[in-house]
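Undergrad: My questions will all concern the structure given below.
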Amino acid sequence: MTKVAIWCRHTGDNIIGIGAAIPWHVKSDFQRFRRITEGQTLVAGQKTYESFPGRTLPNRKIFVLTDDAGYEVADEKNHTAVHDIKFFKDYEGDLYIAGGATIYRLFMTGGGKLMPEIVVDCVYNGEIASEAVGLPVDITPCIDVLDAKYRQISADYEQDGITVRVLVRRGEFVDQNVLKRIVKAIEEGLN
Ligand SMILES: NC(=O)c1ccc[n+]([C@@H]2O[C@H](COP(=O)([O-])OP(=O)(O)OC[C@H]3O[C@@H](n4cnc5c(N)ncnc54)[C@H](OP(=O)(O)O)[C@@H]3O)[C@@H](O)[C@H]2O)c1
C-alpha cells in the first residue's frame, strides 16, 4: 500500500487551519484535492471529518480516527470509525492522509510507538502565502520530518497563488503508478 499525505499550508508558519476551518478559499486548490482523492480511501481525524460539508466527500471512502467508541459516521456504507491506529498496519490498499495536524503527525512519524508500516511514503505539499487571524493549527513537526526525510520528485506547479510539489520518502520504493496519477491530476487542472 502507498500512504500519501495531502496538505496545503501557509508558507513560513506552516499553518493549515484556524480553529476548525481552512483559512483560505482557492477554488483550484479544492478542485485539485478532489481530482487527486476521487475514488480513493482517505484517513481523517474526527475534527477534520466534521469540517467536511455534510460530513462527506463524494466518491471517496473515509476512515475517521476517533477515540469515541460511540461515534456515528454520516455514511455507514463509505465511512468507518477507527479507534486504534494499529488498524492501518495491516491495511492493504492505498491511503490518502487528509489531516488534520494530529493525523498528519501520526502518519509522518509512525504513530508515536514507531510503526514503519504506517509511515507516509509520499507527500503532496501545497504552499500559500497568506495571513490569518485566530487559533492556529500548524504542522511544523511534520515539515521538520519532510525536510529531513523526503525528496522532491515533481516540478513545482504554481496556480492561483498556491505552489504544489510531490515528495517521496528517501530510500523507500514508492508505487510509480500512484505518483503518475497524482502528477497527472495536478497537471490536468493547470491553465
Ligand atoms: N490545510 C489543509 O490541508 C488541512 C487539511 C485537513 C485539516 N485541516 C485543518 O486542521 C485542523 C484540524 O486538525 P486537528 O489536529 O485539530 O484535528 P484532527 O487531526 O482533524 O482530529 C483530531 C481528532 O482525531 C482523533 N484522534 C487523533 N489521534 C487519534 C488516535 N491516535 N486514535 C484515535 N483517534 C485519534 C481525536 O478524535 P476524538 O476527539 O473524537 O477522540 C482527535 O480529537 C482544522 O483547522 C482543519 O481545517 C487543514
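Undergrad: Which condition breaks for Leu106 when tested against (1) touching a helix residue (DSSP H, G or I) at 6+ places or on another chain (Cβ under 8 Å); (2) under 25 Å from Ala185 (Cα atoms)?
TA: It fails just one condition, (2).
Undergrad: Now, a different point. Could you tell me which residue of region 113-138 is surrounded by the most Cβ atoms within 10 Å (Cβ to Cβ), considering only residues that are free of Cβ contacts under 8 Å to residues at least 60 places away in the same chain and within 18 Å of Phe63 (Cβ to Cβ)?
TA: By that ranking, first place goes to Met115.
Undergrad: Now a separate question. On the basis of being of a type outside the set (Gly, Ala, Ser) and without any contact (Cβ under 8 Å) to a residue 24 or more places away in the chain, does Asp29 make the cut?
TA: Answer is no for this residue.
Undergrad: Just checking, which of Glu50, Glu38 is within 20 Å of Val82 (Cβ to Cβ), out of contact with any Asp or Glu (no Cβ under 9 Å at 6 or more places or on another chain) and among the charged types (D, E, K, R)?
TA: That would be Glu50, the only listed residue that is within 20 Å of Val82 (Cβ to Cβ), out of contact with any Asp or Glu (no Cβ under 9 Å at 6 or more places or on another chain) and among the charged types (D, E, K, R).
Undergrad: Given (1) in contact (Cβ under 8 Å) with a residue 40 or more places away in the chain; (2) out of contact with any Ser or Thr (no Cβ under 8 Å at 6 or more places or on another chain), identify the lone condition not met by Leu95.
TA: Status for Leu95: all satisfied but (2).
Undergrad: Could you tell me whether Val166 is assigned to a strand (DSSP E or B), under 20 Å from Phe63 (Cβ atoms) and touching a helix residue (DSSP H, G or I) at 6+ places or on another chain (Cβ under 8 Å)?
TA: Against the criterion (assigned to a strand (DSSP E or B), under 20 Å from Phe63 (Cβ atoms) and touching a helix residue (DSSP H, G or I) at 6+ places or on another chain (Cβ under 8 Å)), Val166 does not qualify.
Undergrad: Restricting attention to region 47-71, and to residues there that are charged (D, E, K, R) and in contact with a helix residue (DSSP H, G or I) (Cβ under 9 Å, 6 or more places away or on another chain), which single residue is nearest to Tyr104 (Cα to Cα)?
TA: Among those residues, the one meeting the criterion is Lys47.
Undergrad: Still on this model: Read through the list (1) away from the ligand (no atom under 11 Å from the Cβ); (2) modelled with pLDDT of 95 or more, then give the number of the only condition that Val133 fails.
TA: The one condition Val133 does not meet is (2).
Undergrad: Can you tell me how many residues within region 60-104 are of a type in the set (D, E, K, R) and surrounded by 13 or more Cβ atoms within 10 Å (Cβ to Cβ)?
TA: Adding up the residues that qualify gives 5.
The values are calculated or read from the model by the stated rules, or taken from the named source; none is laboratory data. Here the structure is a predicted model, which is why all the values come from computation and not from measurement. Positions of Cβ are generated from backbone atoms using ideal geometry, with glycine treated the same way; all protein chains shown enter the neighbour counts.
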